[in-house]
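Below is one structure; the comments refer to it alone.
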Amino acid sequence: MKRVRVSDFNKDTSKMRNYTQIFKKYWNIIFSELSWENRSGISEKQKQFVIDPFARNCEWAYPNTNDINPETKAQYNMDALDFIEMHEPGSFAIGLLDPPFSARMEKDKYGTANLYAADSAHMRAIEKALGNIIQTNGFIIKLGYNSSSPHPSFQFVNGEIWNLGACRNDIICSIWQKKNTSVEDWL
């Protein structure tokens, strides 16, 4: 875990250099034969291996993008849990978990308060469901104010604390890899 000063904070986090670098790194681990820079050769099947239930305008996982706000570029506009539960277990190699994690972020991104940040039980159900649809050895890249495991069968592999400066809260980026699967993990 390292602490990094971030000067390009953007409510569309996919436009932040740090997030882009981390995504590319784990993309390249999964698709070692096809680098992010040469992704024009991505097959339709490979496009299906990334999912983003809180995509906003991030297109890295397209067409598997969702955002409850219909004024975004996301393919679907539904509750994140409902979106995740549409998919079969083990369907994806990378899951992006970048929800609005504070009431202020929800208001800034969605124009409403207490969508996900205030309902920890719902957010926990989303994390567990996302873990269920990630393949063994796949990754969840999680942004938020905590580095709690998103799912029991995932292990922490890397992370960064993104310092935004002034009196703004840091963002914790934690990377989790699915190491094992047991029947209990799915319950």
For Ile133, are the conditions met, namely being under 12 Å from the mean Cα position of the chain (by Cα) and at pLDDT 90 or above?
no
On the given criteria, is Leu130 among the hydrophobic types (A, V, I, L, M, F, W, C), crowded, with 19+ Cβ neighbours inside 10 Å, touching a helix residue (DSSP H, G or I) at 6+ places or on another chain (Cβ under 8 Å) and in a helix (DSSP H, G or I)?
yes
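Residue-by-condition table, conditions (1) at pLDDT 90 or above; (2) in a loop (DSSP other than H, G, I, E, B); (3) of a type in the set (D, E, K, R):
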site: Ile22; (1), (2), (3): yes, no, no
site: Ile29; (1), (2), (3): no, no, no
site: Arg39; (1), (2), (3): no, no, yes
site: Lys45; (1), (2), (3): no, no, yes
site: Phe54; (1), (2), (3): yes, yes, no
site: Asn57; (1), (2), (3): yes, yes, no
site: Pro63; (1), (2), (3): yes, yes, no
site: Asn69; (1), (2), (3): no, yes, no
site: Thr72; (1), (2), (3): yes, yes, no
Report, by residue number, each residue of the range 64-92 that is crowded, with 22+ Cβ neighbours inside 10 Å and touching a Gly at 6+ places or on another chain (Cβ under 9 Å).
Ile84, Phe92
Restricted to the range 143-157, and to residues that are assigned to a strand (DSSP E or B) and touching a helix residue (DSSP H, G or I) at 6+ places or on another chain (Cβ under 8 Å), which residue is surrounded by the most Cβ atoms within 10 Å (Cβ to Cβ)?
Phe154
Please identify the pairs in which a residue from the range 127-143 that is of a type in the set (Lys, Arg) has its Cβ atom under 7 Å from the Cβ atom of a residue that is part of a strand (DSSP E or B), counting only partners at least 6 apart or on another chain.
Lys142/Leu97; Lys142/Ser174; Lys142/Trp176
Of all residues in the range 161-183, count the ones that are within 21 Å of Ala93 (Cα to Cα) and surrounded by 15 or more Cβ atoms within 10 Å (Cβ to Cβ).
7
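The values are calculated or read from the model by the stated rules, or taken from the named source; none is laboratory data. Model, not experiment: these values are computed from the prediction. Every residue, glycine among them, receives a Cβ derived from its backbone with ideal geometry; neighbour counts consider all protein chains shown.
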